[in-house]
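Participant: Below is one structure. I have some questions about it.
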Amino acid sequence: LKQGEVLTMIGHSGCGKSTLLNIIAGFDTPTFGGVFLQGKPIDRPGLDRMVVFQSFALMPWLSAFDNIRLAVKQAHPEWDAAQVRAWTQKYIDMMNLGGAERKRPALLSGGMRQRVGLARAFAVNPKVLLLDEPFAQIDALTRGSIQDELVRMWQATRSTVFMVTHDVDEAILLSDRIALMTNGPDAELAEIIEIDIPRPRTRASLIDHPRYLELRNYVLRFLVQ
């Protein structure tokens, strides 16, 4: 992974995409080989790698604000309450969660819950942001707006992003490079392709770009074959 890039991994179910993400996160241990972050081996979870889960994974008894504040307090134990509160509110505002910060997850839509998850992840300024199919449970219209929020947050922070997805259009929209995995159980990394469509990208402008269909068809053909 290159520092500051968005790399997306695509492949059929069972090829090991989420397993690889969990190894990077420190949740799983590789059978052999290893993962290094800036020269240091990864052997456990850490705040330098934040995960946004498909299942939202929010603390159900905490408000949206407190879900984010909990992570900020862990990342900055030396900060006083006012600093933690101000930093948390900054990311509440950046993800357009104003008015919903006092609600518990059960009272939020799927899209709002995922906004909380993204705000929590970005709020600790991780070196690597890990996205495990973060938009899979969100309807298409909401997904588009949250993808826009993700791009805006990434442009502001320039975190390195590793994302797993089944959505080819999403991968082309968000990525600098796409990694293609062969089928399991003996899956391998087949190739990594560059997305050479200039940024900033929008869904509206993307479909008219001459490279979009070429890239989309290339990835789809790989998945079919």
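The values are calculated or read from the model by the stated rules, or taken from the named source; none is laboratory data. Everything numeric here is computed off the predicted structure, so don't read it as measured data. All Cβ positions, glycine included, derive from the backbone under ideal geometry; neighbour counts span all protein chains shown. To get the accessible areas, we keep the full protein, side chains included, count just its heavy atoms, and leave off ligands, DNA and RNA. Shrake-Rupley method; radii C 1.70, N 1.55, O 1.52, S 1.80 Å.
Participant: Inside the range 120-145, can you point out the residues that are part of a helix (DSSP H, G or I) and crowded, with 20+ Cβ neighbours inside 10 Å?
Facilitator: Residues of the range 120-145 part of a helix (DSSP H, G or I): 120-123, 140-145.
Once the filter is applied, which keeps residues that are part of a helix (DSSP H, G or I) and crowded, with 20+ Cβ neighbours inside 10 Å, the range 120-145 yields 120, 121, 122, 123.
Here's the yes/no breakdown for (1) closer than 22 Å to residue 143 by Cα; (2) of a type outside the set (Gly, Ala, Ser); (3) under 15 Å from the mean Cα position of the chain (by Cα):
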position: 26; (1), (2), (3): no, no, no
position: 48; (1), (2), (3): no, yes, yes
position: 53; (1), (2), (3): yes, yes, yes
position: 58; (1), (2), (3): yes, yes, no
position: 69; (1), (2), (3): no, yes, no
position: 101; (1), (2), (3): yes, yes, no
position: 107; (1), (2), (3): yes, yes, no
position: 111; (1), (2), (3): yes, no, yes
position: 117; (1), (2), (3): yes, no, yes
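Participant: Do we find that residue 153 is assigned to a strand (DSSP E or B) and in contact (Cβ under 8 Å) with a residue 12 or more places away in the chain in this structure?
Facilitator: Numbers: assigned to a strand (DSSP E or B): no; in contact (Cβ under 8 Å) with a residue 12 or more places away in the chain: yes.
The answer is no for residue 153.
Participant: Quick test for you: out of 126, 134, 185, 200, pick the one residue that is touching a strand residue (DSSP E or B) at 6+ places or on another chain (Cβ under 7 Å), at pLDDT below 90 and not β-branched (Val, Ile, Thr). Before the answer, list the steps.
Facilitator: On the way: 126 fails: at pLDDT below 90; 185 fails: touching a strand residue (DSSP E or B) at 6+ places or on another chain (Cβ under 7 Å); 200 fails: touching a strand residue (DSSP E or B) at 6+ places or on another chain (Cβ under 7 Å).
Going through 126, 134, 185, 200 in turn, the sole match is 134.
Participant: Hey, another quick one. Out of everything in the range 104-119 that is open to solvent by 30 Å² or more (accessible area, probe 1.4 Å) and in contact with a Phe, Trp or Tyr (Cβ under 9 Å, 6 or more places away or on another chain), what residue ends up being nearest to residue 135 (Cα to Cα)?
Facilitator: The selected residue is 113.
Participant: Considering the range 23-59 alone, what residues qualify as being open to solvent by 60 Å² or more (accessible area, probe 1.4 Å), more than 24 Å from residue 113 (Cβ to Cβ) and either in contact (Cβ under 8 Å) with a residue 12 or more places away in the chain or in a loop (DSSP other than H, G, I, E, B) (or both)?
Facilitator: Of everything in the range 23-59, those that are open to solvent by 60 Å² or more (accessible area, probe 1.4 Å), more than 24 Å from residue 113 (Cβ to Cβ) and either in contact (Cβ under 8 Å) with a residue 12 or more places away in the chain or in a loop (DSSP other than H, G, I, E, B) (or both) turn out to be 28, 29, 31, 32, 33, 38, 39, 43, 44.
Participant: Residues of the range 1-37 being on the phi > 0 side of the Ramachandran plot and of a type in the set (Ser, Thr, Tyr), which ones?
Facilitator: Within the range 1-37, no residue meets the criteria.
Participant: Can you spot a residue in the range 60-69 that is in contact (Cβ under 8 Å) with a residue 40 or more places away in the chain, β-branched (Val, Ile, Thr), closer than 22 Å to residue 37 by Cα and assigned to a helix (DSSP H, G or I)? Reasoning before the result, please.
Facilitator: Step one: list which residues in the range 60-69 are in contact (Cβ under 8 Å) with a residue 40 or more places away in the chain, which gives 60-64, 67-68.
If we keep only those that are β-branched (Val, Ile, Thr) as well, we get 68.
Then keep just the ones that are closer than 22 Å to residue 37 by Cα; that gives none.
Within the range 60-69, not a single residue is in contact (Cβ under 8 Å) with a residue 40 or more places away in the chain, β-branched (Val, Ile, Thr), closer than 22 Å to residue 37 by Cα and assigned to a helix (DSSP H, G or I).
Participant: Quick one: in the range 163-215, which of the residues that are in a loop (DSSP other than H, G, I, E, B) and among the hydroxyl-bearing types (Ser, Thr, Tyr) is surrounded by the fewest Cβ atoms within 10 Å (Cβ to Cβ)?
Facilitator: First, the residues of the range 163-215 that are in a loop (DSSP other than H, G, I, E, B): 165-167, 175-176, 182-188, 195-202, 207-209.
In the following step, the residues that additionally are among the hydroxyl-bearing types (Ser, Thr, Tyr) were identified as 165, 175, 182, 202.
Values: 165: 23, 175: 24, 182: 15, 202: 12.
The selected residue is 202.
Participant: Within the bounds of the range 173-184, is there any residue that is under 30 Å from residue 72 (Cβ atoms) and without any contact (Cβ under 8 Å) to a residue 12 or more places away in the chain? If you could, list the steps in order and put the result at the bottom.
Facilitator: In the first step, residues of the range 173-184 are kept if they are under 30 Å from residue 72 (Cβ atoms); the result is 173-176.
Filter once more, keeping what is without any contact (Cβ under 8 Å) to a residue 12 or more places away in the chain: none.
No - not one qualifying residue is present in the range 173-184.
Participant: Among the residues of the range 72-103, which ones are farther than 22 Å from residue 152 by Cα and open to solvent by less than 10 Å² (accessible area, probe 1.4 Å)?
Facilitator: Once the filter is applied, which keeps residues that are farther than 22 Å from residue 152 by Cα and open to solvent by less than 10 Å² (accessible area, probe 1.4 Å), the range 72-103 yields only 84.
Participant: Could I ask something else about it? Go through (1) touching a Lys or Arg at 6+ places or on another chain (Cβ under 9 Å); (2) free of Cβ contacts under 8 Å to residues at least 40 places away in the same chain; (3) within 21 Å of residue 161 (Cβ to Cβ) and name the single condition residue 85 misses.
Facilitator: Of (1) touching a Lys or Arg at 6+ places or on another chain (Cβ under 9 Å); (2) free of Cβ contacts under 8 Å to residues at least 40 places away in the same chain; (3) within 21 Å of residue 161 (Cβ to Cβ), only one is false for residue 85: (3).
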